[in-house]
Amino acid sequence: EPEVTQTPSHQVTQMGQEVILRCVPISNHLYFYWYRQILGQKVEFLVSFYNNEISEKSEIFDDQFSVERPDGSNFTLKIRSTKLEDSAMYFCASPRSGTQYFGPGTRLLVL
Amino acid sequence: AQKVTQAQTEISVVEKEDVTLDCVYETRDTTYYLFWYKQPPSGELVFLIRRNSFDEQNEISGRYSWNFQKSTSSFNFTITASQVVDSAVYFCALSEANNYGQNFVFGPGTRLSVLP
């Protein structure tokens, strides 16, 4: 299975703090995606990023969220001022051969 | 709008039993893809299978098999001779052709517990 990596695996933060989640998608892919899974719930789409631009975003992806590609291989999801309800598992994903492959996720806990 | 329903919230079986996880979907598209993912307790999402809307052939992979029936909009997943390591949450998902954004929709998941 193609490898997508994410760091950190776990992050604990205080409400109101900024967090940055990192992803290295499948090599040389222009498309990548971020999803969120609140504990015990289904996986939800946040945003897609193509060729250094947001191509699509959901209602969840409000002004507190941003995505960037700081260098050629890394992508980041930033939450500017975390809220309790941002506690969730965050997955990045890359498609290959028509299949969406997910990274291992970052488990974010906002206290 | 696309929708995926997994009516079974939780299933418990004893090791070596067969178990079928149900998935029913709704879409207006004629071209779409169906997926199953496994989420073990460690939390990652493991891809199991992808099926396109034009291919209704059932598939078997070891102890896993999938039954795609377009007439009933179902894509059910059967594990034969279940093992404790099969314990996980299983998600069915649906996407428009090559669209993994708003139109990549997950079901709510079925938590499978296989007891020794």
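Here the Karplus relation 6.51 cos²θ - 1.76 cosθ + 1.60, evaluated at θ = phi - 60°, turns the backbone of the range B:56-71 into coupling constants of 8, 5, 6, 10, 10, 9, x, 7, 9, 8, 10, 10, 9, 10, 5, 4 Hz, with x for every Gly and Pro. Each 5 Å bin from zero holds the following percent of Cα-Cα pairs in the range A:1-48: 5, 14, 20, 27, 22, 8, 4, 1.
Given the Cα atoms of the protein assembly as shown, and with Rh set as the inverse mean 1/r over their pairs in the Kirkwood sense, what is Rg to Rh to two decimals?
Working: Rg = 17.7 Å, Rh = 18.2 Å.
In the protein assembly as shown, Rg relative to Rh is 0.97.
For a label point 7 Å from the Cα of A:Arg96 along Cα→C-beta, name the residues of the range A:39-58 whose backbone N is under 19 Å from it. Label zone hits: A:49-51. Computed over chain A, the range of Cα coordinates on each principal axis works out to 39, 26, 24 Å, biggest value leading. Put the Cα centre of the range B:1-80 next to the Cα centre of the range A:53-88 and the gap is 30 Å. For the range A:20-51 versus the range A:93-111, the inter-centroid distance based on Cα atoms is 5 Å.
Fraction of C-alpha pairs exceeding 16 angstrom in the range B:73-116: 50 percent, rounded to a whole number. Shape descriptor for chain B: Rg over Rh equals 0.96 (Cα atoms; Rh from the Kirkwood inverse mean 1/r). Here the contact order of chain B, divided by its residue count and restricted to Cα pairs under 8 Å and six or more residues apart, works out to 38 percent. Distant-in-sequence amide contacts of B:Gln8, defined by a placed amide H-H separation under 5 Å and a gap of 5 or more residues or a different chain, comprise B:Asp22.
No value in this document is a laboratory result; all are computed from the given coordinates. Note that the structure is predicted; figures quoted are calculated from it, not measured. In this analysis, Cβ positions are derived from the backbone assuming ideal geometry, glycine residues included, and neighbour counts consider all displayed protein chains.
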